[in-house]
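These notes are about the structure you will find just below.
The values are calculated or read from the model by the stated rules, or taken from the named source; none is laboratory data. This is a predicted model, so every value here is computed, not measured. Using ideal geometry, Cβ is built from the backbone for each residue, glycine included, and neighbour counts are taken over all protein chains shown.
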Amino acid sequence: MKYCASPNSKQSSAASTYWHEPDAGLAQRAPPTKQAKTARGHTFFGDVVVYHESELEHRVSTILSAYCDIVEIHSQYPKVEYVDADGVLRTHTFDFFIVNRDGTRIAIAVKQARKKAAMDDLMGRIVANGITGIEKDGTLVPSIADAVFVATNLEASFACFENATAIVASRPHHDDAECAVVAKLVQRMPGSFRFGQLLLNVSTPAKRRTAIWRLIDLRLIEPVNDGRVDELSLLRVSRPAFPHDSINHLKGF
């Protein structure tokens, strides 16, 4: 997974200093806020409210928000047509809709892995029908997305969710000077080193921890192994991302 600055980063354009009331974006429905069997709520991606109707959807939306190539995230969109096995025209509303930096649009359905076979069949039918969207006024929009994807609990693991949560939190809360200190420090460390080594003998561990996550987000350092990142995790410098003037670059956080 690649991380970097996003619409939630405090270093966005000058316009980001002005508050804009969040709205539901492209969402075609606002889910009820309470339901006895599911964890419902919302997060924010820039000025867009991103709804989730389960803990799994919450994990997926958080992980998506940590990807650096995603510039838009919408929930409960798009609503599309498809023809079922009996030839009946039906509709399906995707859980999320993302737009990548290169303009690629992907509609994402979220389901437990045990239901993936059925969802793959549904996705095939939606694609066969041209990924035809239905706008709120009933207008049909062929190719409303460039691709469809099924995200399950295997992709949206708790480990990925916890890493993504730390990444997203580091964007508005990091300290520029502390990030520069850590950047200088890691360039002097040979090979791999443990996350916890960067926390030794510091007066403000919380500030240092946030700076480490911010450097991971910027791809200046990276985990050696997959899985949840904690104090014992091995990290290494991402050499291609560290030009000789990288310390000056860090002043622009």
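Taken residue by residue, the stretch 195-213 has no member that is under 30 Å from residue 119 (Cα atoms) and either outside any helix (DSSP H, G or I) or basic (Lys, Arg) (or both). Across the stretch 96-119, the number of residues qualifying as charged (D, E, K, R) and either in contact with a helix residue (DSSP H, G or I) (Cβ under 8 Å, 6 or more places away or on another chain) or surrounded by 14 or more Cβ atoms within 10 Å (Cβ to Cβ) (or both) comes to 3. Restricted to the stretch 53-140, the set of strands (runs of 3 or more DSSP E) holding at least 3 residues that are acidic (Asp, Glu) and either in the same structural domain as residue 217 (by TED's automatic domain parsing) or under 21 Å from residue 157 (Cβ atoms) (or both) is empty.
Of the residues that make up the stretch 148-166, is at least one in a helix (DSSP H, G or I), within 29 Å of residue 112 (Cβ to Cβ) and of a type in the set (Val, Ile, Thr)?
Among the residues of the stretch 148-166, at least one is in a helix (DSSP H, G or I), within 29 Å of residue 112 (Cβ to Cβ) and of a type in the set (Val, Ile, Thr), which makes the answer yes.
Please indicate, with yes or no, whether at least one residue in the stretch 37-46 is aliphatic (A, V, I, L, M) and in contact with a Lys or Arg (Cβ under 9 Å, 6 or more places away or on another chain). So far as the stretch 37-46 goes, no, none of its residues is aliphatic (A, V, I, L, M) and in contact with a Lys or Arg (Cβ under 9 Å, 6 or more places away or on another chain). Scanning the stretch 167-194 for residues that are of a type in the set (S, T, N, Q) and either surrounded by 15 or more Cβ atoms within 10 Å (Cβ to Cβ) or not in a helix (DSSP H, G or I) (or both) gives 170, 192.
When residue 144 is tested against the conditions (1) modelled with pLDDT under 95; (2) under 30 Å from residue 76 (Cβ atoms), the lone failure is (1).
With the structure loaded, tell me whether residue 24 is modelled with pLDDT of 95 or more and over 23 Å from residue 163 (Cβ atoms) or whether it fails that test.
Spelling it out, it is not the case that residue 24 is modelled with pLDDT of 95 or more and over 23 Å from residue 163 (Cβ atoms).
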